[in-house]
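Read through the structure below, which is laid out as structure tokens, and then see the notes.
The values are calculated or read from the model by the stated rules, or taken from the named source; none is laboratory data. As the structure is a prediction and not an experimental result, all values here were calculated from the model. So basically every Cβ, Gly included, is an ideal-geometry build from the backbone, and we count neighbours across all protein chains shown. To get the accessible areas, we keep the full protein, side chains included, count just its heavy atoms, and leave off ligands, DNA and RNA. Shrake-Rupley method; radii C 1.70, N 1.55, O 1.52, S 1.80 Å.
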Amino acid sequence: MHGKTIDQMYVGQFALLNKTITDADVHIFAGVTGDMNPVHLDDLYASYSIFQQRIAHGGFIAGLFSTVLGTVLPGLGTIYLRQDSKFVKPVFIGDTVSIKVEVTSIDEKRNRVTLKTIATNQHDQEVVIGEAVVMPPKKENEHEQH
């Protein structure tokens, strides 16, 4: 099993994922990454921040692009080469984010696909925007030529 090969992809093709951000998600991400910034973990501290409440890690939200790229479009076997992200608005505990990746260009010769990456909240506001470059899986019978 593998994801879509470059010849199965086209400009405008997209995939979506919805995820509600939980307290557990934020704590697990903090534990895995070591980012213990209290704006993510401490209600009292966060209440004095510009956000006035706890926020999810920006890296966690951007990481959801990887979920879509690695499991849906292109999918299994995809190699993630680059991600540029701009953090536009905070994501709060309990928010539902919609992740969208959309093919914007295809380089068949180099086996590279560029995708627009957008995360929006339940109010349809952009929270993270950017661009990814991936190498989709090769056809199962295609071998590297040296």
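Seen from residue 46, the other residues with C-beta closer than 15 Å to its C-beta sum to a net charge of -4, counting Lys and Arg as +1 and Asp and Glu as -1.
What the range 24-146 shows is 56 Å² of accessible area per residue, with the surface traced by a 1.4 Å probe over protein heavy atoms.
Scalar couplings 3J(HN,Hα) for the range 104-120, obtained by applying the Karplus form with A = 6.51, B = -1.76, C = 1.60 to θ = phi - 60°, are 10, 7, 10, 10, 4, 4, 9, 6, 10, 10, 9, 10, 6, 10, 9, 10, 10 Hz; x denotes Gly and Pro.
If r is the Cβ-Cβ distance from residue 49 to residue 24 and R0 is 22 Å, what FRET efficiency results, to the nearest 0.05?
Details: r = 21 Å, r/R0 = 0.96.
Once the sixth-power term is evaluated, E becomes 0.55.
Residues whose amide H falls under 5 Å from that of residue 92, counting only those 5 or more places apart or on a different chain, are 56, with hydrogens built in the peptide plane. Computed 3J(HN,Hα) for the range 121-129, one whole-Hz value per residue from the Karplus formula 6.51 cos²θ - 1.76 cosθ + 1.60 where θ = phi - 60°, is 8, 5, 9, 6, 9, 5, 10, 9, 10, glycine and proline marked x. Tally Lys and Arg at +1 and Asp and Glu at -1 over the other residues with C-beta under 13 Å from the C-beta of residue 67: what net charge comes out? My count for the surroundings of residue 67 gives +1.
Kindly provide the Kirkwood hydrodynamic radius of the chain in Å, to one decimal, from all pairs of distinct alpha carbon atoms. Let's see the in-between values first.
On the way: mean 1/r = 0.0614 Å⁻¹.
Taking the inverse mean of 1/r over all distinct Cα pairs, the chain comes out at 16.3 Å.
If one takes the longest principal axis of the Cα atoms in the chain, at what angle in degrees, from 0 to 90 and to the nearest 10, does the Cα axis of helix 23-33 lie? Roughly 70 degrees between the two axes. Over all distinct alpha-carbon pairs, what is the Kirkwood Rh of the range 61-146 in angstrom? So the Kirkwood estimate lands at 13.7 Å.
Based solely on its DSSP helices, what 222 nm [θ] is calculated for the chain when runs of n ≥ 4 H residues each add -39,500 (n - 2.57) and the sum is averaged over all residues, nearest 500 deg cm²/dmol? Computed mean residue ellipticity for the chain: -6500 deg cm²/dmol. Would you mind finding the longest exposed-site-free stretch of the chain, with exposed GluC sites (Glu not before Pro) meaning DSSP loop and at most 14 other Cβ atoms within 10 Å? Formally, the longest exposed-site-free interval is 1-107. Please give the helix 58-71 orientation as an angle from the longest Cα principal axis of the chain, in degrees from 0 to 90, rounded to the nearest 10. In the chain, helix 58-71 runs at an angle near 30 degrees to the longest axis. Mean-square fluctuations from a GNM of the chain, with a 10 angstrom spring cutoff on Cα atoms, peak among 74, 38, 136 at 38. Out of the total accessible area of the chain (probe 1.4 Å, heavy atoms of protein only), what percent is carbon and sulfur? Using a 1.4 Å probe with all protein chains present, the chain comes out at 53 percent carbon and sulfur. The modelled label-to-label distance between residue 8 and residue 88, using points 7 Å beyond Cα along the C-beta direction, is 3.0 nm.
Distances between placed amide hydrogens fall under 5 Å for residue 112 paired with 107, all partners being 5 or more residues away or on another chain. Rounded to the nearest whole Hz, the Karplus-based 3J(HN,Hα) values (6.51 cos²θ - 1.76 cosθ + 1.60, θ = phi - 60°) of the range 82-94 follow the sequence 7, 9, 10, 9, 10, 8, 8, 9, x, 10, 9, 4, x, with x at glycine and proline.
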